[in-house]
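The values are calculated or read from the model by the stated rules, or taken from the named source; none is laboratory data. Source: prediction; values computed, not measured. What goes into the accessible areas is simple: the full protein's heavy atoms, side chains included, and nothing from ligands, DNA or RNA. Shrake-Rupley method; radii C 1.70, N 1.55, O 1.52, S 1.80 Å.
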Amino acid sequence: MTVTAAFFYLFSTVTVASAFMVIASRNPVQSVLFLILAFVNAAGLFLLMGAEFLAMILVVVYVGAVAVLFLFVVMMLDVDFAELREGSLQYLPIGALIGVVFLIELILVVGTWAIDPNLIRVPAATIPPADQVTNTTALGRVLYTHYFFAFQAAGLILLVAMIGAIVLTLRERLGVKRQDISRQVARTQETAIELRKVPFREGLKDVA
């Protein structure tokens, strides 16, 4: 067994085990930590394949931003997951309908070769030889030419997911001081600053 094969089996085993623990762990903080471990090992697999740009993006964007943001949200906001699950049964019919649609799409994708083999015959992207262009340049040319609409659709899906996450976690909290932008903008020097002449060694005695 070569060194590359040994690292492949190591990274793949840890990635699969970490992905399983993400959904099996009861503690959301531990789930996020296992998710970070899975991302790091997946980045190692990308490095073995020679896709160093994808490995760096996976570590910087997902581990450095998304997963850590999830961790801070879970730890700082103290989200009550039991309360969020209440009333989720009323959305079960809609979720089941969406699941059936996704299942039909997956079946059609898997069985495309039997329905019409020409559907998957997409023209290959014209990429210069590997010794003339870097992986980053080649990936950018492919994404923003042949897969431009799919790339934009993925961005739109992520935007909808972000808005949905904000809506789910946004709730009214009593006793929390909030900013009043109109009052802050309307403040003048007379209402914001009060000048007093303080006698020597007496200080302010009538400050509320």
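Brief remarks on what is shown
- Centre-to-centre, using Cα atoms only, region 165-192 and region 1-80 are separated by 37 Å.
- Taking every protein chain into account, the 1.4 Å probe leaves THR136 with about 70 Å² of accessible area, to the nearest ten.
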